[in-house]
Structures are given as structure tokens and as C-alpha cells.
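The values are calculated or read from the model by the stated rules, or taken from the named source; none is laboratory data. Treat the numbers as computed from the prediction; the structure is a model and nothing was measured. Here Cβ is always computed from backbone atoms with ideal geometry, including for glycine, and neighbour counts include all displayed protein chains.
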2 protein chains.
Amino acid sequence: MTWCRSEFLRLLMISVFLLGLGTVVFMFRSAEFSSPMPERPHSALADQMLKLLPEERLKNLFTYDGIRLFPKNQCKCEATTWQESYNFQDAYDLSELPAVKARRQAEFEHFQRREGLPRPPPLLAQPNLPFGYPVHGVEVMPLHTVPIPGLQFEGPEAPIYEVTLTASLGTLNTLADIPDSVVQGRGQKQLTISTSDRKLLNFILQHLTYTSTVYLHHKVDFVSLESKSSVVKFPVTICYPVIPKLYDPGPERKLRDLVTIATKTFLRPHKFMTMLRSIREYYPDLIVIVADDSKEPLKINDKHVEYYTMPFGKGWFAGRNLAISQVTTKYVLWVDDDFLFNNNTKIEVLVDVLEKTELDVVGGSVLGNVFQFKLLLQKSQNGDCLHRRPGSFRPLDGFPRCVVTSGVVNFFLAHTERLQRVGFDPRLQRVAHSEFFIDGLGSLLVGSCPEVIIGHQARSPAADPELATLEKTYSAFRTNTRNQVRFKLALHYFKNHLQCST
Amino acid sequence: MTWCRSEFLRLLMISVFLLGLGTVVFMFRSAEFSSPMPERPHSALADQMLKLLPEERLKNLFTYDGIRLFPKNQCKCEATTWQESYNFQDAYDLSELPAVKARRQAEFEHFQRREGLPRPPPLLAQPNLPFGYPVHGVEVMPLHTVPIPGLQFEGPEAPIYEVTLTASLGTLNTLADIPDSVVQGRGQKQLTISTSDRKLLNFILQHLTYTSTVYLHHKVDFVSLESKSSVVKFPVTICYPVIPKLYDPGPERKLRDLVTIATKTFLRPHKFMTMLRSIREYYPDLIVIVADDSKEPLKINDKHVEYYTMPFGKGWFAGRNLAISQVTTKYVLWVDDDFLFNNNTKIEVLVDVLEKTELDVVGGSVLGNVFQFKLLLQKSQNGDCLHRRPGSFRPLDGFPRCVVTSGVVNFFLAHTERLQRVGFDPRLQRVAHSEFFIDGLGSLLVGSCPEVIIGHQARSPAADPELATLEKTYSAFRTNTRNQVRFKLALHYFKNHLQCST
């Protein structure tokens, strides 16, 4: 048979008509979605606008107290008219410096290995992945098992679904009761689910568990979840919870069951005894712990004093560390041996602050002189830069006349457990103060309540000739000699891996 | 014109043929994806299979050493023929127990507030969200700024894109140089991007920054990213990095610049002197720190001994805490005052282990007796359950004859800084040992290398009558009286918030 020519033409005309109709409909639908506003030429605008802020604007963008707090490869410390700058490696002779640098680098690398540093770059999630999963907060104790919340698959319909999960520091399992044909690898590092039943797949995922199998502390396992070409990873943190170390305040909550007073003395027995007498005027039964590295031991007639002797001149921070190591109450009040309690020296106020806030340490003021300083750290490969500025960060919630800062005077109440955790470095034998707060940076939240005031004994020399001689010896030890300054700068260089400070 | 009937029939036959061909092709393609095995009826199977494993199987699923390590509301301690069980609240009189419970609960709540516990439930990501974002690893120091990596929008095409980011403990900004008509809220808690240019949107997101504005330690801010009805949240951790506390081993890496020996003695001067002499046979110049809470001070003629006196009978752990508080080297070797160094007592081997592994503490063996125990914790609302089992978790990487465990003997080398951070609780005055390892659970990674052996002085009474009397007094203090046992159980109840142990 042959095609009728006229029918062929008719078919052709109908096709052309349909094609034309389709085109019109298509154009109409596109028009619905276009912007009501006239658009400028699209690509030219984009090219013009894909640029970053110029350097001058960036420089001033993220500063605090004039210090740029934004990641950079190198930090620096610049001296100005109102602040000094210390370059810590200057503490070493040029001849010994290369060897010191090498040793510091070796010790720093050991430290980093043990801390799991440097951290791997952040784990990024791609868009439009067909998975639900836990972004943050899944923690498991070593060798324990936890359920993994939030796992789900919401990909396109398919005849068969195959989903694989992979862990490295643990194994996977599911609480769902299904045969091995559907789930393979139960109790292994890799678990695969194969099913055509989407509901079943999600039920299995909903009841997935992670078991930590390597006994380690402080690790993060990145578990991957994949199906066809889509992959997500999510973190499971392997760690112990913090073990509580609580103190019983006793049924009557007496101050002596909450607070111990701690101090250190050296070649100033008269000053210490004067301070002790002033304590007893207001607090007759608080335990006072005193560490003494003088030549001759003291005889103290006070049944609530705990007295400790040390090798002669062992040192200031060693004595501080000794004293706090002996405290058995929740809080410890640090005082220097030449302070004077008066009726503004309200320990109860400081206790109230620590009971009601998140502070670890709260300082008062000495003779009403408010001494507070902030510490700001800039990280850098060759050693960090530390900046110290007077003042505070912000007021303390609930205590409007108190502030949050980084460092205070040597009159403070502290959580014993937190204070012991940071400690006073016994390598600091003579003059030292801010080193303690630097060691505590990030660990101790420090506050200051200047209205709680302690007095200070006058610096006039003692009348008694024996005591006067003792005081002269004391002053000799107390002088911040050049050698001591060098020692402390070198310690900052090596111990804290610092480059410089302002 | 009219249709030719024959042409109509021809068209009809061609259509039927094409339809049939299409069906065959479709069925063939489906067949490619279906399982090679025959499937049972689909929906009936699903309903039948959405169940969890039965209780008997679950019970045995996640056990280690017979202890179930899976979260449960209540834990328990069961005594068996080979292990005892202690219920800690039995240490209190029934009359005082309610008050003790209330005080413990108050102290525990204070502890939790300060630690940010309990943690919020895990943050879950929904599937198919059109965003890329950082799942894990974005950290910022308080008051600092960090770039946020990985942010992108890959949603459907639209005339205008509007994306909003919201933070709570900080502010948001972008390094992109664009006018305020496109980005609003720069330097605020909420930042909104409105543009029709998708590339520009993603450029802005690529250069987004987070600035911490509240001075706090250890917090997590959950930043939300939303567009239309899609929302993701991702965590930004606000914390300081760990401040290094490194020790300079000196240019010659002498053992005395790496290791200090620490011990405590009480009413056993002859034993201590014997031990000291044995040290000096092998290590003539290592510093030995000794804390002494005896009645009479010792005279020690050794220029490398640092001697400290304490109030009489102040206590065992107080003395241990004192001694370690004075160490100025990277490592400290703990020994008891009645040990005996011999030529198997190789401190260098223990140093090598700590230098090369992640251990914080490595113990040896005393007289070749290997003493190791594991600690397993089960958390519970009313107090945790602690289980102690002999043995170890696994061998130590790189040291096949050493193992990883939770507790060892009193002969160990430790990282000074880590040991000081856990410390020995001065509330433990008399017999105590595992309490230190319990306090260190999760903080101290402990190992044991039994091949490093120290000797032990015989327990036979001294010949000298004065010393024999002293020994009798010592033994009286050393007896684990019922009161002391009660005290320690009560301490576990209150201080560590434990319920019981096996």
C-alpha cells in the first residue's frame, strides 16, 4: 500500500501545529518564574562583585583592644609608648639558641602527638545528600556502645537500596531483628544493608549502634554513610565523662568545712604571725595551711594551722603549689603572708560568687587597689603571641559590681579542684605572678569583685634588729634580678611555646 | 479528504507494535535491577520484620568482661562467688542518709552547671537539604574570629535567593566586598543575603566569618543556616587551645633533667634510708623528693634529696600530693619508701615508653608480681556503677610486652603535668590505692611494663628496739580499720557520685 499524499500533508500540518502550541505553552510557563524587576546584564555584575574586602578594611575588622584576633600565619608583638614588648628568644645566648629551638621543637611535637594536634581540617557536608544523620553530640565511652540517633535515607525510589556504613575505631550493629541477607557485617567495621523495602531500611538505620573497640581516650571516629555515589561522614567522640570530685559541706555548712586558707612564707615570720592574728579576729576556726621555705622552722601556737617545711629557698611557686596540694575543702582562699584581714574581708561574699556563677577563681582587691588584666592570645607556627591589657572583659552575670577577666591579685577564692588542676609551676622560684594566670588560660575562668578588700602590712622595716636582718635577706631574694628576668622569659619561650608578649 | 481505511489500519498496527516493543524494553530494564533471587510478597515481609532483637539477645550483645556497656537508666552491682560488691550509701547511718543525699545532689548540680551538663541531645541533620556546611571541627577562641569553611547553597534555581544565618554566642560577617543591599546584618547575630546571583551568593557564603562575642570557655554555639523552609544547624566550639607546659631536657638530655624520684615516708626512717641507698647505687644524682609526716624530722645527708615535713599523720595521699607538687622535670617516678632498686629497675626503659607512646603513666612490677586492673564505668542517674577487673585492655603499640590498663602498682613513671592535673586526694589519709586511678579515669592513659622490676624490703620486724616500736605505731596507723573503710566508701559515694562497685 502507498501513503495517500493528502493524509501525509494533514499529519504534517497537525504535527507543526502541536509543536507550535507546545512552544507557546513552554514560553508562557518560563515567564511565570522570571523576576518582576528588570535585570541588569547578569554576568557582568557577578564578575564585578566577586572580590574580597581590601586589606585596609580587613585589618581593622576583627580587632579587640587594638589586637587583631583573626587567624594569620605569623603574629607579632609591637612595642608602643604605653606598652613594652618582650621577644622571648632574646633570653638565650645566640650560641645556644639553635640547640634550644631544636629541643623546643622536639618537645612541642611530643606534646602535639599526645594531644592529637594539629586537628584535621573541619569535616564538611555536601549539599543535597539523601541522608539524615547526627551532626554533633554522639559520645561513647571506650569499649562501650551507643545508639546512633537520626540516621535515615531519603533518596530517590529504587528497586533495591544498598547502604553501607564504615567506622574505623569501632564496630557497627543494629538492634533491628532481621536476617543476615538484609544486613551484613554486624559487629564489624563495615555494615551493609541491602533491601528493597525502604521502611525496613530506615528501621534498621534508626536502630543502628556504634561500639568503641580500641581503648583510647579523647579520639574522634568519623563514620561514613554511603549509598551509590552519595557519602556523608559524621563524628563519634570517644571519651569518658568528667569524673566528679565533689566535697561534702557537712550538715551545717560551716565556713570551715567550705574554705581553707592557704599561704606561703619566707624569712618574714613576724609578718606571717601578724597576718594570722588578723585572720583569727574574724575567722577563729578556719584551717590555715602555710608552706615555709625559711632557714628556721616556726613555732605556731594555733591548733587550726597546718605547717609545712621545705628545703631552704626552694621557692615561691613551689610553696604555693605545696600549700594548695594539701587542701581538703571545696574552696581555698589564697593570701600572701603580709596581708591584713579587716572587716571588709568578707570570705562569705566570695563563696557566694563561686557558688552562683561559673567562675573558677574570684579575686578581691588589696587595700582597695583594683588590679585586673586581660590576656589575649594569637596563635602562630613559631610560637604564640600573648598580649596583656589592663581591665576586664565583661561584668559578671548576677553580680554587677564584679567582672570577668584573666588575672587578678594574690587575694582570691578558688575551686580547689580547678586550682590544683592548673597549679603553680615550681620552676618559678622568685618573683612571679602572671605566669599562673597564663598557665590557666582557657582552663580557669577568673573574676574580680573589688568590693571584697584585704589590707596590706606596711613596708617599713621592722624595729627588732634580728627581724630587720632577716628582712634584708628576704629583700635580696625578692629582687627581680636580670638573671631572674631572663629565666622567666626563657621559660615562656620553652614551656609555653610563646614567641613574644606585649 | 477522508482517511484511507487501509492507512488507518496500518497506523494502528504500527502503534500497537511500538507499544508492545516499549513494554518489552521496559520489562527488560526492570529485570536488570531486580534481585537474582526470587522475592517474597513485599509488604507482608515489611510488617513482619520491623521488630527489635529480643531481650535475651540484647542482654548479651554489648558486654565486656561480663558487664553490659550500653546505656541504661539504672546500673547495678552484683556480687558473685569471685567478686565482692559494695553499695556505697551503706557507709552512712540510715538517720543521716537523707541529708547526705540532698547535699550530694546539690553539689552534683553545681558541678553539672559548671561543666555544661547534661549535654543537649545530639544535633541531627535532615536529609536532602540544599546546603553544604561544616559538620565538625570549627573552633574559635573567645572574642576571636574564624572563617567558616564549606558553606554553600545548591538549591533549586530561583529568581531571588534569600539565605539567613543566625548565631547566639557570636556575630557573623563576610570577607566578601559587596554592598549592604545584598548582605544585611554584618557584625550582628543574624546575617541575611539577598541576591539573584547564585555565584555571588556562594562567594559570600564561602567567605563567611564567625566572631565570638561572649567571653566564656568551653561552649558550643549552634549556628543556623536557612533558606525558605530548609534549615541546617552546625556547631562552632568556643574554647582555648591547650596551653603547652613543656620541659627543657637540657643539651645533654641527662636523666636527672628528665626524671625526679618522689616518695612519702611515715615512721619508717630505716626503710626509707635503705631505699635511698639502693637508688644511689644505680642513680647517684637523680633528685629524690620525700614528704614526711612522721613525729620527728629526718637528717638526710644527701645533696640530691629534697626533704619536706608535714603535720604529724596528715596522711598518705596528702604526702603523695605534696611530693609531686614539687617536681620540676618532665617525668616523675613514684616509689614507696620500702622498695629496693636493683639492676632490673631500669628507669630509662620507662622513659622510652612514655617518650614514644601516648601513655600518661607506665607502671612496672614489684618483685616481679604483675598487678594490673581495669576499671569499667556504667553511668546512671542516681550514681554510677564502677567495675574493677584484673588484667589489661590491649597490648601497647610498639611495646609488645607492655599493656594498656586502668591501674597499676605504686611503682610508675608519669608525665609530671598530667599526674599533677589528677593529683592524690589529701582526704585519703590512711590506706588507699585505686582511688587515684578512679580519679584519673578518662584523664590518665595508664600502661604496665612488667619487665621493669623493683624490689621490696622484707616485712620482718626491725632488730633495733626503737625502730621496732616505731614499726608498731606505723602498723597501727596502717590497719584498714572499719572506720577507714566506711570513710572511703562514703567518699566514693559523695565525691565521685558513685552508687556501687564490684
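Summary table below
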item: Test for B:F131: is it under 29 Å from A:A125 (Cβ atoms) and more than 28 Å from the chain's Cα centre (by Cα); result: yes
item: Answer from B:L445, B:L470 - the residue that is of a type outside the set (D, E) and over 20 Å from the mean Cα position of the chain (by Cα); result: B:L470
item: Among the residues listed as A:V366, A:V351, A:V422, A:V404, the single one being under 23 Å from A:Y64 (Cβ atoms) and of a type in the set (V, I, T); result: A:V404
item: Test result for B:E84, assigned to a helix (DSSP H, G or I) and closer than 24 Å to B:L489 by Cα; result: no
item: Any chance B:L165 is within 28 Å of A:V236 (Cα to Cα), part of a strand (DSSP E or B) and not aromatic (F, W, Y); result: yes
item: Selection status of A:L172, within 30 Å of A:F108 (Cα to Cα) and either more than 7 Å from every other protein chain (Cβ to nearest Cβ) or under 34 Å from the mean Cα position of the chain (by Cα) (or both); result: no
item: Conditions (1) at the interface with another protein chain (Cβ under 9 Å from one of its Cβ atoms); (2) of a type in the set (D, E, K, R); (3) within 28 Å of B:Y161 (Cβ to Cβ); (4) within 27 Å of the chain's Cα centre (by Cα); number of the one not met by B:K199; result: (4)
item: Test for B:P249: is it within 7 Å of chain A (Cβ to nearest Cβ), part of a loop (DSSP other than H, G, I, E, B) and under 25 Å from A:K51 (Cβ atoms); result: no
item: Given (1) within 13 Å of chain B (Cβ to nearest Cβ); (2) at pLDDT 95 or above, number of the condition A:T274 does not satisfy; result: (1)
item: Residue match in region A:433-440 (condition: touching a strand residue (DSSP E or B) at 6+ places or on another chain (Cβ under 7 Å) and more than 30 Å from B:I324 (Cβ to Cβ)); result: no
item: Of residues in region A:458-496 being β-branched (V, I, T) and part of a loop (DSSP other than H, G, I, E, B), the one modelled with the lowest pLDDT; result: A:T479
item: Residue that is nearest to the chain's Cα centre (by Cα), among those in region A:473-485 that are over 18 Å from A:E435 (Cβ atoms) and surrounded by 13 or more Cβ atoms within 10 Å (Cβ to Cβ); result: A:Y474
item: Residue satisfying condition, being more than 7 Å from every other protein chain (Cβ to nearest Cβ) and of a type outside the set (F, W, Y), within set A:L97, A:L69; result: A:L97
item: Whichever residue in region B:278-303 is more than 10 Å from chain A (Cβ to nearest Cβ) and surrounded by 18 or more Cβ atoms within 10 Å (Cβ to Cβ) and, among such residues, is nearest to B:E466 (Cα to Cα); result: B:S294
item: Selected residue (criterion: farthest from the other protein chains (Cβ to nearest Cβ)) from residues of region A:202-217 that are touching a residue at least 40 places away in the same chain (Cβ under 8 Å) and touching a Ser or Thr at 6+ places or on another chain (Cβ under 6 Å); result: A:L208
item: Region B:305-339: number of residues that are free of Cβ contacts under 8 Å to residues at least 24 places away in the same chain and more than 8 Å from chain A (Cβ to nearest Cβ); result: 1
item: Residues that are of a type outside the set (A, V, I, L, M, F, W, C) and assigned to a loop (DSSP other than H, G, I, E, B), drawn from region B:223-245; result: B:K228, B:S229, B:Y240, B:P241, B:P244, B:K245
item: Some residue of region A:464-479 being in contact with an Asp or Glu (Cβ under 6 Å, 6 or more places away or on another chain) and within 22 Å of A:F88 (Cα to Cα); result: no
item: So B:V182, is it in contact with a Gly (Cβ under 8 Å, 6 or more places away or on another chain) and surrounded by fewer than 20 Cβ atoms within 10 Å (Cβ to Cβ); result: no
item: In region A:393-427, the residues that are within 11 Å of chain B (Cβ to nearest Cβ), part of a loop (DSSP other than H, G, I, E, B) and under 26 Å from A:V259 (Cα atoms); result: A:D397, A:S406, A:G423, A:F424, A:D425, A:P426
item: Residue check for A:T263: within 38 Å of the chain's Cα centre (by Cα), modelled with pLDDT of 95 or more and farther than 22 Å from A:H415 by Cβ; result: no
item: Residues that are closer than 21 Å to A:V182 by Cα and more than 8 Å from every other protein chain (Cβ to nearest Cβ), drawn from region A:110-154; result: A:I148, A:L151
item: Residue that is β-branched (V, I, T) and facing chain B (nearest Cβ under 10 Å), where the choices are A:V259, A:V220; result: A:V220
item: Residue in region B:401-421 that is more than 30 Å from A:L419 (Cβ to Cβ) and over 19 Å from the mean Cα position of the chain (by Cα) present; result: yes
item: Residue count, region B:284-317 (criterion: in contact with a strand residue (DSSP E or B) (Cβ under 8 Å, 6 or more places away or on another chain) and assigned to a helix (DSSP H, G or I)); result: 1
item: Unmet criterion (only one of (1) in a helix (DSSP H, G or I); (2) within 12 Å of chain B (Cβ to nearest Cβ); (3) not acidic (D, E)) for A:V353; result: (2)
item: Residue list for region A:231-246, restricted to those being surrounded by fewer than 18 Cβ atoms within 10 Å (Cβ to Cβ) and either touching a Cys at 6+ places or on another chain (Cβ under 7 Å) or more than 10 Å from chain B (Cβ to nearest Cβ) (or both); result: A:V231
item: Qualifying residue in region B:434-444 (condition: modelled with pLDDT of 85 or more, within 14 Å of chain A (Cβ to nearest Cβ) and in a strand (DSSP E or B)); result: no
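Every residue, every condition in (1) surrounded by 13 or more Cβ atoms within 10 Å (Cβ to Cβ); (2) more than 25 Å from the chain's Cα centre (by Cα); (3) without any contact (Cβ under 8 Å) to a residue 12 or more places away in the chain, yes or no:
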| site | (1), (2), (3) |
| --- | --- |
| B:K59 | no, yes, yes |
| B:F62 | yes, no, yes |
| B:R68 | yes, no, no |
| B:N73 | no, no, no |
| B:E78 | no, yes, no |
| B:N87 | yes, yes, no |
| B:S95 | no, yes, yes |
| B:R113 | no, no, yes |
| B:P118 | no, no, yes |
